[in-house]
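Structure, as structure tokens:
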Amino acid sequence: MSARPSATASAASVAAASAACADSSSAACEPLPVLGSDVLVPLVTGGEVTYAALDYAASAPALRRVWDDIAAYAPYYGSVHRGAGYLSQLSTDLFENSRKDVAAFLGCREDDQVVFTRSTTDSLNLLAAVAPRGTEVFVFETEHHASLLPWEQREDVTVRYLSAPRSPRQAVETLEKALAGRAKGPALVCVTGASNVTGELWPVRELAAAAHAHGARIVLDAAQLAPHHPVDIAEAGVDWVAFSGHKLYAPFGAGVLAGRADWLREARPYLAGGGASRKVTRRDDGGVDVEWHTTAARHEAGSPNVIGVYAIASACRALTEAGFEGLLARERQLIEKVRAGLAEVPEVRVLSLFGDDAPRVGVLSFVVEGWNSSHFAAALSAEYGIGVRDGLFCAHPLVRTLLDSEPDEPGECGAPEAAPGERSLNAIRVSFGAGTPDEHVERFVGAVKELVREGARWSYRTEDGRCVPDRG
């Protein structure tokens, strides 16, 4: 039974982009088609401009290919698993084939499981829930909160927070030292593939080797890595990978935890309910006995998010067909444009753990001397139609380490968070990817230079803790 209704037009557009990027040195390499590329937004100074979406690290725009695949399937949407009708069988086939597509995208091993969740956060909370009693978890304090916090929900595991490394080599050395002193029993290392604050790539293979050398397992938070780089579980040597659809150009709220099956198979279900159970029988004492699935279904209770799952699978296929080699080459060009432009502004300081030359994905955070970060981000949006993010990016310990600041409330809009030479309290993040046109990053660089040189052209005020244009 076919489980992929036709969406040939969008597939052709991806193929065209792939052909243009086949030669990674080709100047003809074009961004992948995404939704929202032609949206006009109003400016407070008058007129409209095409919106420059430069907040990919939070949520990337949907690939046109993904949207068209979903639209082609939508009329055939039905219940998943156990339905006798044609649409139910087709939807079930599509759902399970999506699992195979994701496994192929991640280079899963033959006995790995692919569990569909709601997000990276949900995936890591699932892994935290199935970790054996007494597990020691090792996590760098530089992690996103999705990686930093789930382990605290278990009173029967021990969390070891590792200090912020200042080089990839130091990261490996810090982990090795911590693991050398660990107690006997199960252990798990949790590490990001690419920082959601600095964009810097972490030494995943080396960290995985160190973990395994000391009898520990390792989970890779690939939320920021998978949209930019190929991720191969076997090649990287990791035990699990977690990522989110909404950062992989696939909306509708689904995520993935993929990897070793034993902890998943042996633990109690993450959610108890229909779909997770194989058989439920009534006991003489009035209770029930439950036989749970040993497959991925064990942790997918309830009606699954088939639209979200299919969107992820579609994005995986689209990125694979486009070819990461060309996508990476083009992204490096965009990164260099942004870095070179910001380097021309003395008041701008780009944040980094590993140094300016560290390899990174299209994510950069910075502060501007004399500016409140919320004010600067608001001016980029209101006066230039550019969407970025400001704050601590759900990575509070890391950003405070990079800023050398203590927890505090940001200053009022229009007032700098710190006087020149003093420490900032928040940062600004610009992020981009496979769908970003050159004009967006060029407009961003030009806007930064103009704002620093001439100041904002509009007045702003604080409303509900956010900086917004003052419209009188």
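FYI, it's all coordinate maths here, none of it is from the lab. All values derive from a computational prediction rather than experimental measurement. Please note: Cβ atoms are built from the backbone with ideal geometry, for glycine as well, and neighbour counts cover all protein chains shown.
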Approximate spin-label separation residue 268-residue 176, in nm, with each point projected 7 Å along Cα-to-Cβ
4.0 nm
Beta carbons within 10 angstrom, averaged per residue: use that to sort the peptides 276-282, 31-37, 220-226, highest first.
220-226, 31-37, 276-282
Applying 1/(1 + (r/R0)^6) with R0 = 30 Å to the Cβ-Cβ distance of residue 158 and residue 59, what FRET efficiency is obtained, to the nearest 0.05?
0.35
Taking the dipole of the chain about the Cα centre (Lys, Arg +1; Asp, Glu -1; charges at Cβ), the one of 451, 311, 87 that reaches farthest to the positive side is 87
Output the relative contact order of the chain, whole-number percent, from Cα pairs under 8 angstrom with separation of 6+ residues.
20 percent
Rounded to the nearest Å, the spacing of the alpha-carbon centers of the range 291-317 and the range 54-68 is 21 Å
Report the Cα-based extents of the range 71-321 along its three principal axes, largest first, to the nearest Å.
57, 54, 28
If the chain between residue 288 and residue 442 were fully extended at 0.36 nm per residue, the gain over the current Cα-Cα distance would be 49.1 nm
Per the 1/(1 + (r/R0)^6) rule, R0 = 22 Å and r from the Cβ atoms of residue 461 and residue 41, FRET efficiency to 0.05 is 0.60
How much of the DSSP bridge set in the chain is antiparallel, in percent, rounded to the nearest 5?
65 percent
Charge tally for neighbours of residue 294 with beta carbon under 15 Å away, counting Lys, Arg as +1 and Asp, Glu as -1, is 0
Counting helices only, and only those DSSP H runs with n ≥ 4, report the 222 nm mean residue ellipticity of the chain as the sum of -39,500 (n - 2.57) divided by its residues, in deg cm²/dmol to the nearest 500.
-11000 deg cm²/dmol
Among 143-156, 58-71, 309-322, 125-138, what's the highest-first ranking by average C-beta atoms within 10 angstrom per residue?
309-322, 58-71, 125-138, 143-156
Taking the Cα centre of the range 71-321 as origin, sum charge times position over the Cβ atoms of Lys and Arg (+1) and Asp and Glu (-1), and report the length of that vector in debye to the nearest 20.
200 debye
With point charges of +1 on the Cβ of Lys and Arg and -1 on the Cβ of Asp and Glu, referenced to the Cα centre of the chain, which listed residue (233, 250, 348) lies farthest in the positive direction of the dipole?
233
Multiplying the sequence separation of residue 303 and residue 278 by 0.36 nm and subtracting their Cα-Cα distance, what value in nm do you get?
7.5 nm
What does the extension gain come out to for residue 406 and residue 209, with contour length at 0.36 nm per residue minus their alpha carbon separation?
67.5 nm
Given +1 on the Cβ of Lys and Arg, -1 on the Cβ of Asp and Glu, and no further charges, what dipole in debye does the range 103-203 carry about its Cα centre, rounded to the nearest 20?
220 debye
Give, rounded to the nearest 20 debye, the magnitude of the charge dipole that the chain has about its Cα centre when Lys and Arg contribute +1 at Cβ and Asp and Glu contribute -1 at Cβ.
1060 debye
